[in-house]
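Structure, as structure tokens:
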Amino acid sequence: MDSRRFLQSLISEGEHQQQDFKYRVSDAQKLAKSVSAFANTDGGRLLIGVRDDGHMSGVRDEEEIYMMHQAAYRYCRPEASIKFDTYHVEGRTIVVATVPPSDHRPVCTVSDDGQLRAYIRIADENIVASPVHLAIWRESQNPQGTMMTYTDSVRKLIDAMQGQRLTLNQLVRRSAIPRHKAVALLARLIRFRVAQWEYADQQFLFSLV
């Protein structure tokens, strides 16, 4: 398959959980959000030099390609794995940046003042990860594994979620458990598939499986 047909086959899929279009790369930090989101979810690819409507406009110059590398290696912690493939179609240069899912989550973006923020990919959006996601990833890195004990606090969390879809703040109020403890226990319940999360109305909601 030639380059044009290959790119058109990708573009025909549109933007989705594992694909994003970038018309211009003017800010490496913003690009790093997509890299973080793909790395923290199921992986994905960025088609750089492609407009939202699928038109192949091409990257402008080498500076854009430099910014892509900056996004992965300067503005992500830990450094994200990313593969760049360059295609030339009718005098235009299109870059496909492929990001695999990371084994070392969270992959965070780094602002100029040193603040870290992790993203996840939901449908065609990059969403800031919740404290519960961060807790799940921390636990998953524990080489000794995780145990689940049915404590009074766990019971309160489960009781609060009975028949409900609650935000984290609502869950903390209903269960009367300190926020940091509720986050840790909820992450554990999700890992053990007792609870689940969903993203609706621009917020994370938690419920029993």
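The values are calculated or read from the model by the stated rules, or taken from the named source; none is laboratory data. No experiment lies behind these values; they were computed from the predicted model shown. Neighbour counts are summed over all protein chains in view; Cβ atoms, including those assigned to glycine, are modelled from backbone coordinates with ideal geometry. Note: areas computed on protein heavy atoms with side chains; ligands, DNA, RNA excluded. Shrake-Rupley method; radii C 1.70, N 1.55, O 1.52, S 1.80 Å.
Evaluation of residue 24 against the conditions (1) charged (D, E, K, R); (2) in a loop (DSSP other than H, G, I, E, B); (3) touching a residue at least 60 places away in the same chain (Cβ under 8 Å) shows that the sole unmet condition is (3).
Checking each residue in region 97-118 for being touching a Ser or Thr at 6+ places or on another chain (Cβ under 8 Å) and either within 30 Å of residue 3 (Cβ to Cβ) or open to solvent by 60 Å² or more (accessible area, probe 1.4 Å) (or both) picks out 99, 100, 101, 102, 105, 107, 116, 117. Considering region 117-209, there are no qualifying strands (runs of 3 or more DSSP E) wholly inside with 3 or more residues that are at pLDDT below 95. Any chance region 128-136 includes a residue that's in contact (Cβ under 8 Å) with a residue 40 or more places away in the chain, farther than 30 Å from residue 32 by Cβ and surrounded by 14 or more Cβ atoms within 10 Å (Cβ to Cβ)? Among the residues of region 128-136, not one is in contact (Cβ under 8 Å) with a residue 40 or more places away in the chain, farther than 30 Å from residue 32 by Cβ and surrounded by 14 or more Cβ atoms within 10 Å (Cβ to Cβ), which makes the answer no. If you check 58, 44, 54, 49 for being in contact with a helix residue (DSSP H, G or I) (Cβ under 7 Å, 6 or more places away or on another chain), touching a residue at least 24 places away in the same chain (Cβ under 8 Å) and over 30 Å from residue 139 (Cβ atoms), only one passes: 54.
Tell me, yes or no, whether region 113-124 has at least one residue that is touching a residue at least 12 places away in the same chain (Cβ under 8 Å) and among the polar types (S, T, N, Q). Within region 113-124, none of the residues are touching a residue at least 12 places away in the same chain (Cβ under 8 Å) and among the polar types (S, T, N, Q). Scanning region 1-50 for residues that are at pLDDT 95 or above and basic (Lys, Arg) yields a single hit, 45.
In region 142-168, what residues are under 29 Å from residue 107 (Cβ atoms) and in contact with a Lys or Arg (Cβ under 8 Å, 6 or more places away or on another chain)? Result: 146, 148, 166, 168.
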